[in-house]
Structures are given as C-alpha cells and as structure tokens.
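Notes follow the structure.
The values are calculated or read from the model by the stated rules, or taken from the named source; none is laboratory data. Bear in mind that the values here come from a model prediction, so they are computed numbers and not experimental data. Cβ sites come from the backbone with ideal geometry, for glycine too, and all protein chains shown count toward neighbours.
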C-alpha cells in the first residue's frame, strides 16, 4: 500500500512538473529557427503585403549544410525567386530577365528571427498567448510585443509537431494587421524530392545583374552619420553602389534591432531630380513600410523601414552630413 501511494505521488508530481514547465516563447522560437535550417518542406503560402494578396508555392531544401528557398508564382507575371545563402535571384519567364541581389541581413522569405533572443529583452516581451490550428496543424501562438512605440507588434504561429512557422503577422500599435504570411498547406519531407532544388524557369542567356554584394569595408564610411537611434537599433552594414539602373552611387546604411530594419539612403540630387523622384519631402506610408525624405544640401536623404512613421522621422531628423557644404 505504501509503495502504491509512493508511486502515485511520483506520477502526480511528474505531471505537475510537466504542466508547470512548458516551453517558453523563446524556446519555441529557438526550436523554430533550428527546424527551418534543418528541415526539407514545401507548401502553398499566401502573402498579404501593401493591401495585396499573392499566393506562391514555397520550397525549402537543405543540402551540403546549405539551405535553399524557392518561391514560384501561381499567378501572372510568372516568376521564380531563389535564395541561396545571402544571394537572391529573381527570374522572369516572359522577359527571360534575371535580377540578382545580395541581402546578408535576411535569412528567410517567411520569417526572420535573430538567434540571440536574450539581446532583445530591452526592446521586446516574448509570450506564448495560446494555441490555434493553421492549415489543420495545431500551433503555438507566440506574441512579440515591443516595450516602446518605435517598433511593431509581431505574432508567429509555430506548428507543435515539427516547429516550423505556419503563419507570421505584423501589427501596428493599435492591433491592425499590416502584413501577413500564412501557409494554407505544408508537407514536411525527411528527404527532399529530386526536383525540389531545380528551378522551373529557364536560365536566360543574358542575365541582368541588379545589385552587387554590399560593401562592409571598415575603411569606407557613409557620407552621413546617424546621430540618434531608437533603443536597441544598431548599424548592420554600409554599402555604396548604384541603384535603380543608375550609374550614380548611393550610400546605404542598414539599421536593425533584430526584428525591425530601417534603411538610410543618401544620393546626390540631379538637375532633373523632380522628374526622377516624384515623392516630395516628408512622411510617406505604404502598408507596414514608412519612409521620410529630406533634402540635405545637394543630396536627398531617404529613411525607409518596416517601422512606425514616428521611428523613421526620429532617425531622419538625426542624420547629418559628415562634410557639409560650405
């Protein structure tokens, strides 16, 4: 009888311990990051961005310790976007054009989560707020709430079975959805299909290269300095290269807090810049993206990012030229 009671007590205590020690939000996000790196999976994903919906086929494969992502459009214009490490290649079927960009600060088309979440404790609170089904898969709902008004609220739905992201959303400070990506169906494979790493669009004979690897040479620096940053933001890299099919170099500094990113561009104004740059000075908003344009001497400053308008304004007003014109 004593042995029976002792065994029963052990079971009860074990159950209580299991209930009292569930996975934390950070642990779930860390498991998700690992699963995204190691898993081969595919599915149909729907993007809501700038008030537009687009459905695409998504493929993720891992080979030789390197992951590859592919997005294939289901509607016109037919195109395919491939990510290999920090290289992103967009192939257009009708024009046979290829656009190549290098984005060392991005790691996924679906959701980016920094590896060191503890470093974000001063900026965000992480909390598991419930469980919901997404594409018929039971999922944890992780809320990532900012501690100030400089950044947006984020939620990620993570499948309980394989810890892959099923849905991710960005909300403004009042709780309105600004952007969303959601899987409508997903298959997780132990081994990638033979065709999973093959592109479906033919390689063009004369690809166009729009974008070069970003320069991070410590001997180079931007022609401007950002004198005021919101808490938690820091410079990720600096590049100087032509943009928008122009031969004129543009200084670009990328800022990030781990989740949110802000780009700061400075380009010399041309005599006919009114025709090329229709946007006036001030704040401009498209979906979750806010930007601010300022004129500094003979240059145009553009601060743009997936952050509230007050954030880009705060950053833009703190930008100064290193060598202002006399």
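Considering only region 245-263, state which residues are buried (at least 19 other Cβ atoms within 10 Å of the Cβ) and over 17 Å from the mean Cα position of the chain (by Cα). 251, 252, listed by residue number.
Screening region 282-298 for residues that are within 12 Å of residue 265 (Cα to Cα) and crowded, with 18+ Cβ neighbours inside 10 Å and picking the one that is farthest from the chain's Cα centre (by Cα) gives 293.
Between 263, 285, which is within 29 Å of residue 47 (Cβ to Cβ), modelled with pLDDT of 95 or more and assigned by TED's automatic domain parsing to the domain that holds residue 311?
263
Quick one: is residue 34 within 15 Å of residue 162 (Cβ to Cβ) and out of contact with any strand residue (DSSP E or B) (no Cβ under 7 Å at 6 or more places or on another chain)? Answer is yes for this residue.
Applying the condition of being part of a loop (DSSP other than H, G, I, E, B) and modelled with pLDDT of 95 or more to region 309-326 and asking which residue is farthest from residue 291 (Cα to Cα) yields 318. Within the set 129, 88, the sole residue that is modelled with pLDDT under 95 and assigned to a strand (DSSP E or B) turns out to be 88.
Annotation: residue 246 fulfils all but one of (1) over 29 Å from residue 148 (Cβ atoms); (2) modelled with pLDDT of 90 or more; (3) not in a strand (DSSP E or B); the unmet one is (2). When the criteria are applied in full, residue 222 fails the requirement of being within 27 Å of residue 61 (Cβ to Cβ), at pLDDT below 95 and surrounded by 14 or more Cβ atoms within 10 Å (Cβ to Cβ). Do you know which residues across region 91-107 are at pLDDT 90 or above and out of contact with any strand residue (DSSP E or B) (no Cβ under 7 Å at 6 or more places or on another chain)? 97, the sole residue that qualifies. The set of residues in region 119-139 that are more than 23 Å from residue 45 (Cα to Cα) and out of contact with any helix residue (DSSP H, G or I) (no Cβ under 8 Å at 6 or more places or on another chain) comprises 119, 120, 121, 122, 123, 124, 125, 129.
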